[in-house]
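J.: Let me give you the structure first, and then I'll get to my questions.
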Amino acid sequence: LILETATKEKGAATSFTFFAAATIIMLMQPFLNALNFYIEKHGIEMNYGVARASGSFFFFIMSLLVGNLMSVTSERVVPFLGLITSIGFTVTMVYIYRSLKDIKINNSNDFDPFENSPEDFLNYSYIKLFIAKYRSFFLFLIGLVLFYFGHVLINNFIYQIAANVGGNESDTGGLLALQAIVELPALIFFTKLKDIFGTKSLLAFSAIFYFVKILVTTLASSVGMLYFSMIFQGFAFAIFIPASVHFVDEIMNKRDAVKGQAFVTMAMTLSNLLASIFGGFLIRFTGVKATLWFGTICTICGVTVALFALLKNSKNN
């Protein structure tokens, strides 16, 4: 982000630094998820949903702030604010590290999931055996890549989608802010929802609402309808994120769980990459509506595959 703030508005340097920053952010996610369960294992009460809800609330604030600042200044404000939040994140992680060290948690006997196996994890034979061991999980990941495609398509090209129905930069910030605020109830009460319905049922529910969200977005003909479509974020992404974390922890032993989290993040990253590349290409040559319809088709295909995988996993267990 430091390099991003110093680059020109267009060019290879901007593209590279943005890609590097996005990659680092995606890489951090599985380790933060693992940290949650590591702390819980040592008897410290954690609530992943509430923690994630605080992130959504901050995203809500930043979306409103950035949207309005961009409309009165320029898009250059984004990397500057990103740099500030990154510094804040680093300070927080240092504080967590020192806090765990101060309470003298003994991790000498803890299992390191990557111990003695970093080469194996990148070995084709090892990955093949890992996939064979969790076939329904990897089938779910295929569905995830497809139905998450539509979600990324909306988020990455929300400005173009809003402009297509008469919106502007402020509407873009407002739409992103609404997405964040509607996530809060499901995230805060996720633990209770999980106890009532189970993780797999919640994953299936969220996958279906990914389709509902992009379908309503595709059919939207005004900014007001776009705002309405964002409400479904509270039933899709808000439930999917904590449910996917707990799903991996439930179906895999501790030796494999962190790797499973990494595979989920890899699937989401792949989907993000595909949506960014094909989304930009399709919007340029076919228009916003055609692109959204393509995303809708991908999403329904992904939902179908994901539901089948979850059903298969339930039968196996």
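The values are calculated or read from the model by the stated rules, or taken from the named source; none is laboratory data. Every value quoted in this text rests on a predicted model; they were computed, and no experiment measured them. Backbone-built Cβ (ideal geometry, glycine too); neighbour counts: all protein chains shown. Side chains included, ligands, DNA and RNA excluded: accessible areas come from the protein's heavy atoms. Shrake-Rupley method; radii C 1.70, N 1.55, O 1.52, S 1.80 Å.
J.: When segment 287-313 is examined, which residues are found to be over 16 Å from Gly150 (Cβ atoms) and either in a helix (DSSP H, G or I) or open to solvent by 70 Å² or more (accessible area, probe 1.4 Å) (or both)? Quick ask: steps written out before the conclusion?
T.: Keep residues of segment 287-313 that are over 16 Å from Gly150 (Cβ atoms), which gives 287, 308-313.
Result: Phe308, Ala309, Leu310, Leu311, Lys312, Asn313.
J.: Which condition number does Ser125 fail, the rest of (1) of a type outside the set (Lys, Arg); (2) under 20 Å from Gly234 (Cα atoms); (3) without any contact (Cβ under 8 Å) to a residue 12 or more places away in the chain being met?
T.: (2)
J.: Conditions first: (1) at pLDDT 75 or above; (2) open to solvent by 50 Å² or more (accessible area, probe 1.4 Å). Ser86 passes all but one, so which condition is the exception?
T.: Here Ser86 meets the rest and fails (2).
J.: Do any residues in segment 157-186 that are among the charged types (D, E, K, R) have Cβ atoms under 6 Å from those of residues that are assigned to a helix (DSSP H, G or I) and at pLDDT below 85, where the two are at least six apart or on different chains, and which pairs are they?
T.: Pairs that qualify, where the first residue is among the charged types (D, E, K, R) and the partner is assigned to a helix (DSSP H, G or I) and at pLDDT below 85, are Glu169/Gly67; Glu169/Met70; Glu169/Ser71; Glu183/Ser56.
J.: Out of (1) open to solvent by less than 30 Å² (accessible area, probe 1.4 Å); (2) in contact with a Phe, Trp or Tyr (Cβ under 9 Å, 6 or more places away or on another chain), what's the single condition that is false for Ile283?
T.: Evaluating Ile283 over (1) open to solvent by less than 30 Å² (accessible area, probe 1.4 Å); (2) in contact with a Phe, Trp or Tyr (Cβ under 9 Å, 6 or more places away or on another chain) leaves (1) as the failure.
J.: Would you tally the residues in segment 55-73 being open to solvent by 40 Å² or more (accessible area, probe 1.4 Å) and more than 18 Å from Ile231 (Cα to Cα)? Give the steps one after another, and end with the answer.
T.: Let us first name the residues in segment 55-73 that are open to solvent by 40 Å² or more (accessible area, probe 1.4 Å), namely 57-61, 64-65, 68-73.
This time we only want the ones that are more than 18 Å from Ile231 (Cα to Cα), so: 65, 68-73.
The number of residues fulfilling the criteria is 7.
J.: Just give me the residues in segment 203-240 being within 13 Å of Leu292 (Cα to Cα), open to solvent by 10 Å² or more (accessible area, probe 1.4 Å) and part of a helix (DSSP H, G or I), in sequence order.
T.: Within segment 203-240, Phe211, Val212, Leu215, Val216, Leu219 meet the criteria.
J.: Could you please let me know if Lys101 is assigned to a helix (DSSP H, G or I), out of contact with any helix residue (DSSP H, G or I) (no Cβ under 6 Å at 6 or more places or on another chain), open to solvent by 60 Å² or more (accessible area, probe 1.4 Å) and modelled with pLDDT under 80? Full working, then the answer.
T.: Values: assigned to a helix (DSSP H, G or I): yes; out of contact with any helix residue (DSSP H, G or I) (no Cβ under 6 Å at 6 or more places or on another chain): yes; open to solvent by 60 Å² or more (accessible area, probe 1.4 Å): yes; modelled with pLDDT under 80: yes.
Yes: the conditions hold for Lys101.
J.: While we're here: Gly166 - would you say it is within 30 Å of Ile297 (Cβ to Cβ), at pLDDT 85 or above and more than 27 Å from the chain's Cα centre (by Cα)? Break it down into steps so the answer makes sense when it comes.
T.: Details: within 30 Å of Ile297 (Cβ to Cβ): yes; at pLDDT 85 or above: yes; more than 27 Å from the chain's Cα centre (by Cα): yes.
Spelling it out, Gly166 is indeed within 30 Å of Ile297 (Cβ to Cβ), at pLDDT 85 or above and more than 27 Å from the chain's Cα centre (by Cα).
J.: What pairs can you find where one residue is in segment 36-57 and farther than 26 Å from Leu178 by Cα, the other is at pLDDT 75 or above and among the charged types (D, E, K, R), and their Cβ atoms are less than 8 Å apart, with a gap of 6+ or different chains?
T.: So the pair list comes out as Phe37/Asp249.
J.: Hey, any hits in segment 246-267 for a residue that's closer than 21 Å to Phe157 by Cα and crowded, with 22+ Cβ neighbours inside 10 Å?
T.: no
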